[in-house]
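Shown next, in structure tokens, is the structure this report addresses.
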Amino acid sequence: MMENPWISGLVYSAVLVTVLMTAIAWISWFERKVAGRMQSRLGPTLVGPFGLFQPLADALKALQKEGIVPKDADPFLYRFAPPLTMALALGTAAVIPFTPHFLGSDLDIGVLYALALSGMMAFPIWIASWASNNKYALIGGMRMVAQGISYEIPMVLAALVPVVLSGSLSLGDIVEYQHVNGWFVLWPPGVGLGAFMLFFTTALAEGNRIPFDIPEAESELVAGPTTEYTAINWTIFAASEYGHSVITSALASTLFLGGWSGPWLPPLAWMVIKTSVLFVTITWIRWSLLRLRSDQLMALCWKYLVPFALMLLLVAGIWTHVRP
Amino acid sequence: MALIPTKAFVADPYLDLETYQADADLMTLSLGPQHPSTHGVFRVVLHMDGEMIVKAVPHAGYLHRGVEKLCEKLSYSNITPILDKNDYVSPMINEQAANMAFEKIMNIEVPLRAKYLRTVLAEMQRIASHLLWLGTFAIDLGGAMGGGTTVFMYCFRERELILDLFEALTGCRFHYNTHCVGGNRHDVPPGWSQGVHQALDLIEARLAEYLGMFDHPIFVDRTRGVGTLDAELALELGVTGPLLRASGVDHDLRRDAPYHVYDLVDLKVAVASGGDCLARYQVRVEEMKESARIVRLLIDNLPAGPLSSTKPLNMVTQFKATAGQVYVGVETPRGELGTWLIADGKKATSPYRMKIRPPSLHNAAVIPYVLPGHTLSDAIAILGSLDPIMGEVDR
């Protein structure tokens, strides 16, 4: 029965979505704990041991609340945006090889697919901000679109470096290649590391993480595009933001840190370890930096990151010809 | 869309929006009172061309409580507790300002021990107030869900140390009511000065630790050249305190018109020349360090003697003033807090008129001059750097 691609695909996605959603719930607990420790407080402690059941309590609270749709909002678009965000955030996971065999689909254009979904994250947020009919949401949405489209370019260029080096757009092939030849973060010397740093930085901007959380900017825009959202609608937004961060971490470790490849431990353990390290780094950055301004963000992107990415790509291209 | 001011934009608070040539449609954004950065006490109407502000109209009055009118009804001894709520971030200095005015009009001399203690309390309050400002300024720049909160939590942790000491001294954490006409009510409990030294040790050590978080390119980029206020405009608008000193004017009432025992401490006034948010930050940080030095200097040398030159209060009508008027100015963490007291002699137990000159009101007057030409993000940073306390603006 598992030979049928429809059935195996459904089973795989059901397993993956369940695991990822559970992971996202406890990642939010984990981030709150990390933030608490960084700020010399305890974080959640009351619900369950070490506050472990806090995500369940939060989800229950969100479900009980009244989901208000503002009077002047567009009701369809307003309700449509959160699930779309979640779908785009989780959809990327289909092409990420968690182990050599556990991957949804080894698409020939896996890198392109992942980056396209990541780039489309700007759409549901713009939909949400437009449908809310709120000035803060509108400003936040405009910032999101400007930022998302700008940062897509250095992100794609950085992701092209492993593609050029390995000669494949398939994420599975890229990991296999790194398994044999070494992680791209280590070679070509400097270029791989530079591309990794660049990809990670732009991923922060794509995922609205500090120092690039300009669309959300609580102190300026109340809550940016999600200003009018309440209850479970808002929770889906928050969860997909976490999901996006986690999956971007997984994508970065797949492209640059060798994915599941590594000694002694089983492949899945390596994947989890690498993704977790990257996610903790995102959290660490989030709770220690201040925010940039919108125009400074654009200047950073177009004046520094894009030329840097083009240079990396050029060097990587020359490398493949000089040392085949 | 004019994201960055491309042409040199001259801020005009009286700009006529009808004749303004906008690049896009003007957007009117009512920043507050329901906004996390103005949290119910303040409102600025921003007229924005793209993301650039072309006109800012502040609206105050959300915290108006009629304090000045109440002062005319209350007796001299009963005025002190309601003035705690004026500048609720530095109540100690508010109490001192009013009581100094009462003492001046009644010709009451304060004992030296009370003067020392008042200086110590004022400087500790200044540290607490600047710590609160530092934390909230970081939130304005870094968001409630990011690095800003981290600094905020650290600053509040240190501020707690000072509030704990105030609680040990007066029994209250916030609205102390420890000053009275002629001196102070509460004497220093045993071991208090050691506690002050320990708290200051912690604060000084930890301050260096998290000032490192501000020593960062993002913070400098966000604050340098933002909200520049030149000295001429500052003087014209009656701006005082760290704001004025950050614009390069060397003026501090503690040194220029000394009260308490400030003439004994050889105060070093922190001055910066930038006039922008970064300069304001630098001035306030230097002031915290200087205040810590003054507290350490005075707390070990508290002279012996009575704490008050008047009898303990047994009647609310105990203090009486003859006809006359006085002005007393003190330097709060925000600038010159003036108390202009008129007594007519007919009703001797309460003032005829008590005018309070809050520094925040005059500091907030720069908003229409400095916000235009900046983006919304900068507007929040500038509002944070002005440090207006609406309790004393509205009174």
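Does region B:91-112 contain at least one residue that is touching a Pro at 6+ places or on another chain (Cβ under 6 Å) and either under 17 Å from B:LEU337 (Cα atoms) or outside the structural domain of B:THR332 (by TED's automatic domain parsing) (or both)? Among the residues of region B:91-112, not one is touching a Pro at 6+ places or on another chain (Cβ under 6 Å) and either under 17 Å from B:LEU337 (Cα atoms) or outside the structural domain of B:THR332 (by TED's automatic domain parsing) (or both), which makes the answer no. Can you find a residue that is over 30 Å from A:ALA73 (Cβ atoms) and either more than 21 Å from the chain's Cα centre (by Cα) or of a type in the set (Phe, Trp, Tyr) (or both) anywhere in region A:241-257? For region A:241-257, residues over 30 Å from A:ALA73 (Cβ atoms) and either more than 21 Å from the chain's Cα centre (by Cα) or of a type in the set (Phe, Trp, Tyr) (or both): present.
For region A:216-231, a residue qualifies if it is more than 7 Å from chain B (Cβ to nearest Cβ), more than 18 Å from the chain's Cα centre (by Cα) and acidic (Asp, Glu), and exactly one does: A:GLU228.
Of the residues A:VAL185, A:VAL180, which single one is among the β-branched types (Val, Ile, Thr), more than 27 Å from A:THR18 (Cβ to Cβ), more than 14 Å from every other protein chain (Cβ to nearest Cβ) and without any contact (Cβ under 8 Å) to a residue 24 or more places away in the chain?
From the options A:VAL185, A:VAL180, the qualifying one is A:VAL180.
If the condition is being open to solvent by 10 Å² or more (accessible area, probe 1.4 Å) and either outside any helix (DSSP H, G or I) or closer than 21 Å to A:MET197 by Cα (or both), then region A:253-268 contributes A:LEU257, A:TRP260, A:GLY262, A:PRO263, A:TRP264, A:LEU265, A:PRO266. In the set (1) at pLDDT below 85; (2) open to solvent by 10 Å² or more (accessible area, probe 1.4 Å), A:PHE184 fails one condition alone, (2).
Okay, residues lined up against (1) part of a loop (DSSP other than H, G, I, E, B); (2) open to solvent by 30 Å² or more (accessible area, probe 1.4 Å); (3) among the acidic types (Asp, Glu):
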site: B:ASP12; (1), (2), (3): yes, yes, yes
site: B:GLN21; (1), (2), (3): yes, yes, no
site: B:GLY40; (1), (2), (3): yes, yes, no
site: B:PRO58; (1), (2), (3): no, yes, no
site: B:LEU63; (1), (2), (3): yes, yes, no
site: B:ILE79; (1), (2), (3): no, no, no
site: B:TYR88; (1), (2), (3): yes, yes, no
site: B:ALA98; (1), (2), (3): no, no, no
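Looking only at region A:163-170, decide whether some residue is modelled with pLDDT under 90, in a helix (DSSP H, G or I) and crowded, with 24+ Cβ neighbours inside 10 Å. Within region A:163-170 (the criterion being modelled with pLDDT under 90, in a helix (DSSP H, G or I) and crowded, with 24+ Cβ neighbours inside 10 Å), the answer is no, since none of the residues qualifies.
Restricting region B:363-395 to residues that are away from chain A (no Cβ under 14 Å) and touching a strand residue (DSSP E or B) at 6+ places or on another chain (Cβ under 7 Å), which is farthest from B:GLU72 (Cα to Cα)? This residue is B:PRO372. In region B:206-229, the residue that is farthest from the other protein chains (Cβ to nearest Cβ) out of those that are within 16 Å of B:GLY148 (Cβ to Cβ) and among the charged types (D, E, K, R) is B:ASP215.
Whenever a residue of region B:242-258 is closer than 18 Å to B:SER360 by Cβ, its partners that are among the charged types (D, E, K, R) and open to solvent by 10 Å² or more (accessible area, probe 1.4 Å), lying with C-beta atoms within less than 6 angstrom and at least six residues away or across chains, give the pairs B:LEU253/B:GLU336.
Checked against the criterion of being modelled with pLDDT under 85, within 11 Å of chain B (Cβ to nearest Cβ) and assigned to a helix (DSSP H, G or I), region A:192-215 has no qualifying residue.
Quickly run through region A:32-42 and pick out the residues that are open to solvent by less than 70 Å² (accessible area, probe 1.4 Å) and either outside any helix (DSSP H, G or I) or more than 10 Å from chain B (Cβ to nearest Cβ) (or both). Once the filter is applied, which keeps residues that are open to solvent by less than 70 Å² (accessible area, probe 1.4 Å) and either outside any helix (DSSP H, G or I) or more than 10 Å from chain B (Cβ to nearest Cβ) (or both), region A:32-42 yields A:LYS33, A:VAL34, A:GLN39, A:SER40. Against the conditions (1) part of a helix (DSSP H, G or I); (2) in contact with an Asp or Glu (Cβ under 9 Å, 6 or more places away or on another chain); (3) of a type in the set (Asp, Glu); (4) surrounded by fewer than 20 Cβ atoms within 10 Å (Cβ to Cβ), B:GLU109 satisfies every one except (1).
Taking the condition part of a helix (DSSP H, G or I) and among the β-branched types (Val, Ile, Thr), does A:VAL145 pass? So A:VAL145 fits the description; yes. Selection of region A:219-232 for residues being buried (at least 22 other Cβ atoms within 10 Å of the Cβ) and in a helix (DSSP H, G or I) yields A:SER219, A:GLU220, A:LEU221, A:GLY224, A:PRO225, A:THR226. Taken together, the criteria place B:VAL370 among residues that are within 22 Å of B:LEU233 (Cβ to Cβ) and over 13 Å from the mean Cα position of the chain (by Cα). Answer with yes or no whether A:GLY119 is away from chain B (no Cβ under 14 Å) and either under 19 Å from B:ASP49 (Cα atoms) or assigned to a helix (DSSP H, G or I) (or both). The answer is yes for A:GLY119.
Cβ separations smaller than 8 Å between residues 6+ apart or across chains give the following pairs from region B:177-190 residues that are open to solvent by 10 Å² or more (accessible area, probe 1.4 Å) to residues that are outside any loop (DSSP other than H, G, I, E, B) and acidic (Asp, Glu): B:ASN177/B:GLU95.
When the criteria are applied in full, B:ARG157 meets the requirement of being basic (Lys, Arg), out of contact with any strand residue (DSSP E or B) (no Cβ under 7 Å at 6 or more places or on another chain) and within 13 Å of chain A (Cβ to nearest Cβ).
Just one of (1) away from every other protein chain (no Cβ under 14 Å); (2) open to solvent by 30 Å² or more (accessible area, probe 1.4 Å); (3) modelled with pLDDT under 90 fails for B:GLU167. It is (3). In region A:45-52, the count of residues that are at negative phi, open to solvent by less than 50 Å² (accessible area, probe 1.4 Å) and assigned to a helix (DSSP H, G or I) is zero. The condition of being in the same structural domain as B:VAL181 (by TED's automatic domain parsing), at negative phi, open to solvent by 10 Å² or more (accessible area, probe 1.4 Å) and modelled with pLDDT of 90 or more holds for B:ARG293.
The sole residue among A:LEU56, A:LEU20, A:LEU63 that is open to solvent by less than 70 Å² (accessible area, probe 1.4 Å) and farther than 30 Å from B:MET213 by Cα is A:LEU20.
Evaluated against (1) modelled with pLDDT of 85 or more; (2) under 25 Å from A:PRO162 (Cα atoms); (3) among the small types (Gly, Ala, Ser), A:ALA299 falls short on exactly one condition, (2).
The values are calculated or read from the model by the stated rules, or taken from the named source; none is laboratory data. What you see is a predicted model; the values in this text were computed from it and never measured. Heads up, the Cβs are rebuilt from the backbone with ideal geometry, glycines too, and the neighbour counts pull from every protein chain shown. The accessibility values were calculated without ligands, DNA or RNA, using every heavy atom of the protein model including side chains. Shrake-Rupley method; radii C 1.70, N 1.55, O 1.52, S 1.80 Å.
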